[in-house]
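Q: So that we are looking at the same thing, I have put the structure below in structure tokens.
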Amino acid sequence: MIEKELVMQFKEVNQKIINIMQKKVDDYELTLGLLHLLMTIMHKPDTTQKELAKEMRFTEGAMSMSVKRLLKLGLIEQVQCQSDGRCNRLVVTEKGKKIAKDYKHYLYNIIQNVFKEFNVEELEMIHGFLMKINSNLDQVLSDIND
């Protein structure tokens, strides 16, 4: 059954991409989750832990532990809110920005290597196929949740 083989290939591609990403993250002494949190803080400057926990669907305790780890590594800092001295905003440090920029550059290069043997037409076909697969998966999820 070709469909089963395709799913296994998707799984293998996904695992390889995760392994490639994790190797770089290991250089920073982070996890993929912490790197994702760092990137989220970068895209939402001056956010609070509570706001992040809600958005990322973390418990406040889990968010607190993750933020403490990023603080300890010097990747973020807490800045007291001017309007409310009881809350702190999270801000990415220069060290954190450097890591985020380096990681984005690394991912860009990986993506270029993954698709280096494909022409534009082939990439557009793959994109179309993946859009159909995602649409089908959305329908499966919808059916399961109903």
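Q: Which of the listed residues, His43, Asn113, Asn88, is farthest toward the dipole's positive end in region 2-114, when Lys, Arg count +1 and Asp, Glu count -1 at the beta-carbon?
A: The listed residue farthest towards the positive side: Asn88.
Q: Let me ask another. Calculated from DSSP H runs of 4 or more alone, at -39500 (n - 2.57) each and per residue, what is the 222 nm mean residue ellipticity of the chain, nearest 500?
A: Working: 6 runs with 106 residues, N = 146.
Computed ellipticity for the chain at 222 nm equals -24500 deg cm²/dmol.
Q: On to the next question. What dipole magnitude, in Debye to the nearest 20, does the chain give about its Cα centre under +1 on Lys/Arg Cβ and -1 on Asp/Glu Cβ?
A: On the way: 21 positive and 21 negative charges, 168 e Å.
Computed charge dipole of the chain: roughly 800 debye.
Q: Past 18 Å, Cα to Cα: identify those pairs from Lys72/Lys98; Lys23/Lys116; Lys68/Lys95; Lys24/Lys44; Lys24/Lys98; Lys44/Lys101, in the order given. Show your work: numbers first, answer last.
A: Details: Lys72/Lys98 16 Å; Lys23/Lys116 21 Å; Lys68/Lys95 16 Å; Lys24/Lys44 23 Å; Lys24/Lys98 14 Å; Lys44/Lys101 16 Å.
Violating the 18 Å Cα-Cα cut-off are Lys23/Lys116; Lys24/Lys44.
Q: Which aspartates and glutamates have a Cα less than 19 Å from the Cα of Lys97, not counting those fewer than 8 places away in the same chain?
A: Asp26, Asp27, Glu29, Asp46, Glu77
Q: Of the candidates Gln49, Gln22, Gln80, which one comes out as most mobile in a Gaussian network treatment of the chain with C-alpha springs shorter than 10 Å?
A: Maximum among the listed residues: Gln80.
Q: Could I ask something else about it? One-quarter of the Cα convex hull surface for region 26-140, in nm²? Write down the numbers at each step before the final one.
A: Details: hull surface 40.3 nm².
In nm², the orientation-averaged hull projection of region 26-140 is 10.1.
Q: Give the angle, between 0 and 90 degrees and rounded to the nearest 10, that separates the Cα long axis of helix 32-43 from the longest principal axis of the Cα atoms of the chain.
A: It works out to around 70 degrees.
Q: What net charge is computed for the residues neighbouring Glu77, neighbours being all others with C-beta under 13 Å from the C-beta of Glu77, Lys and Arg scored +1, Asp and Glu -1?
A: Numbers: positive: Lys68, Lys72, Arg89, Lys95, Lys97; negative: Asp46, Glu94.
Overall, the nearby charge balance is +3.
Q: Using only Cα atoms and rounding to the nearest 10 degrees, what angle (0 to 90) does helix 94-114 make with the longest principal axis of the chain?
A: With rounding to tens, the tilt is 0 degrees.
Q: By counting other Cβ atoms within 10 Å of each Cβ, how are Met21, Met125 ranked from fewest to most? Don't jump to the answer; show the numbers that get you there.
A: Working: Met21 16, Met125 12.
Listed from fewest to most nearby Cβ atoms, that is Met125, Met21.
Computed from the coordinates by the stated procedures, all read-outs in this text should not be read as laboratory data. Since we're looking at a predicted model, the values are computed, not measured. A quick note on method: Cβ atoms are made from the backbone with ideal geometry, for glycine too, and the neighbour counts reach across all protein chains shown.
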